[in-house]
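What follows is a single structure, written as structure tokens, with notes after it.
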Amino acid sequence: MNKKLAAAVSGGAVLMLVLSGCGGDGDDGAKKADAWAKKVCDKWEPELTKIKDTNDELKRVATQSSKPEEVQKTDSAAFQTLSEAYKSMGGALTAAGEPPVADGKTAAAAVVKSYDEISKGYVDLKTKIDALDAKDQAKFAEGLQQVAGGLTEVAANETASKQKLNSTGLKVIYNQQGCKVSTDVQPSSG
């Protein structure tokens, strides 16, 4: 009798879980989200590493008594690398398909748009740094202040894009090893 009662109660509990949607569907949704996030983070990992390494190089040049030519060369290459990294990250997010999370399509589109703006911001900074006259230290220093102002704007966009990720279902990417690379916000250059 107790075995029949236990079986009936167990069967009823399973039925309730299935009917209420608390069974495998939640796990399946989480598995789909994790698989999507892994696809994104596998592509993002090398880009995040480039961003971190490039930021480290920018900090090195900014904190040392570097010659204008070295600052210009380093910053120009860094801005190109950062532009390409953010463009690639936006492309990887798009290529991964619609995120299987609440409002995933809208959230992903907003982050991709943000990454595109960041990429364009770095292209603009590269153009500005390349146009500076490194041979005239006074003019170079003056122009570098304008570049630093632009860098502050781009850094604000980077922070905003991270906030977009964190405030949506896309934050599931942070569960993936490939998206755990530390990326510091840009330092002011020079």
Checking A85, A77 in turn, the sole residue that is modelled with pLDDT of 95 or more and more than 18 Å from the chain's Cα centre (by Cα) turns out to be A77
Quiz item: For S76, are the conditions met, namely being over 16 Å from S161 (Cβ atoms), out of contact with any Phe, Trp or Tyr (no Cβ under 9 Å at 6 or more places or on another chain) and either open to solvent by less than 20 Å² (accessible area, probe 1.4 Å) or of a type in the set (F, W, Y) (or both)?
Solution: yes
* Determine whether Y122 is in a helix (DSSP H, G or I) and farther than 19 Å from C41 by Cα. => yes
Tell me, please, whether a residue that is within 15 Å of A62 (Cβ to Cβ) and open to solvent by 90 Å² or more (accessible area, probe 1.4 Å) can be found in the stretch 138-146.
-> yes
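The values are calculated or read from the model by the stated rules, or taken from the named source; none is laboratory data. Everything numeric here is computed off the predicted structure, so don't read it as measured data. Positions of Cβ are backbone-derived with ideal geometry, glycine not excepted, and every protein chain shown enters the neighbour counts. Side chains included, ligands, DNA and RNA excluded: accessible areas come from the protein's heavy atoms. Shrake-Rupley method; radii C 1.70, N 1.55, O 1.52, S 1.80 Å.
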